[in-house]
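Reviewing the structure listed below.
The values are calculated or read from the model by the stated rules, or taken from the named source; none is laboratory data. It should be emphasised that the depicted structure is a prediction, and the values quoted were computed from it without experimental measurement. Heads up, the Cβs are rebuilt from the backbone with ideal geometry, glycines too, and the neighbour counts pull from every protein chain shown.
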Amino acid sequence: MKTPSSLNQLIDALRVLPGVGPKSAQRMAYHLLQRNQAGAAELAHALADALTKLKHCQHCNTFTELDICELCSDPVRNEAQLCVVEMPADLLRMEQTQVFQGRYFVLMGRLSPLDGVGPGDIHFEKLLARAQDGKVEEVILSTNFTVEGEATAHYLSEFLRAQGLRVSRIARGLPSGGELEHVDSSTLAQALLERRTL
């Protein structure tokens, strides 16, 4: 029996999600169509809404519906410190520590030559412009402690230090190979407080 083309399209579309293989995508598709059509419609609407409304903040590069996000619009934040993270989820984890009161820049990824991800793919030029705005005195590299995260931190530190900026790295209070969004707030806060200059 041949699978309907619209069902194949749905299964293929679900496979773009990280960690979703062919069987998982097929299970999800059948569940949405058979057991939760209202949920499927809500998912489709929310995805379409996000795609039309969300854009990157002009300052920190995170997702926002405005030209400049709420954090970047906050006049109380310390403009002398710029914390660089990989993804918006990492920014949220940093904010949950309630320790850092500076500004952010979200790379939207990390260097990974094997996957074809280079400096242009992580908004390097935009970060460089932000770090050289005349207000930033310290750039805190808060990339994950994975091989790619470490390579990204090393690459960024070389360029940023060459521009005369003070560069630090969050301390290794985090487990090696760990990702920020999975770390408890107190460990992350300690890592931020004990950052070191590179």
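Set side by side, the residues 118, 109 differ, and just one is under 17 Å from the mean Cα position of the chain (by Cα), within 19 Å of residue 62 (Cβ to Cβ) and assigned by TED's automatic domain parsing to the domain that holds residue 74, which is 109. Against the test of being surrounded by 11 or more Cβ atoms within 10 Å (Cβ to Cβ), farther than 30 Å from residue 191 by Cα and at pLDDT 95 or above, the options 50, 46 yield a single qualifying residue, 50.
Taken over segment 89-121, the criterion of being in contact with a strand residue (DSSP E or B) (Cβ under 9 Å, 6 or more places away or on another chain) and closer than 19 Å to residue 184 by Cβ is satisfied by 90, 91, 93, 94, 95, 100. Of the residues 174, 193, which is at pLDDT below 90 and out of contact with any Gly (no Cβ under 9 Å at 6 or more places or on another chain)? Within the list 174, 193, the selection yields 174. Of the helices (runs of 4 or more DSSP H) that lie entirely inside segment 17-78, those containing 2 or more residues that are touching a residue at least 24 places away in the same chain (Cβ under 8 Å) span 70-73.
Evaluated against (1) over 16 Å from the mean Cα position of the chain (by Cα); (2) modelled with pLDDT under 95; (3) aliphatic (A, V, I, L, M), residue 136 falls short on exactly one condition, (2). Give the residues of segment 80-92 that are more than 25 Å from residue 53 (Cβ to Cβ) and either surrounded by 14 or more Cβ atoms within 10 Å (Cβ to Cβ) or out of contact with any Gly (no Cβ under 8 Å at 6 or more places or on another chain) (or both), sorted by residue number. Result: 81, 82, 83, 84. Note on segment 93-198: enclosed helices (runs of 4 or more DSSP H) holding 1 or more residues that are among the charged types (D, E, K, R) and exposed (fewer than 14 other Cβ atoms within 10 Å of the Cβ) are 124-131, 147-162.
Candidates 172, 161, 195, 130: the one that is within 16 Å of residue 101 (Cα to Cα) and either without any contact (Cβ under 8 Å) to a residue 40 or more places away in the chain or charged (D, E, K, R) (or both) is 195. Criterion first (out of contact with any Cys (no Cβ under 9 Å at 6 or more places or on another chain) and over 23 Å from residue 109 (Cβ atoms)) does residue 13 satisfy it? Against the criterion (out of contact with any Cys (no Cβ under 9 Å at 6 or more places or on another chain) and over 23 Å from residue 109 (Cβ atoms)), residue 13 does not qualify.
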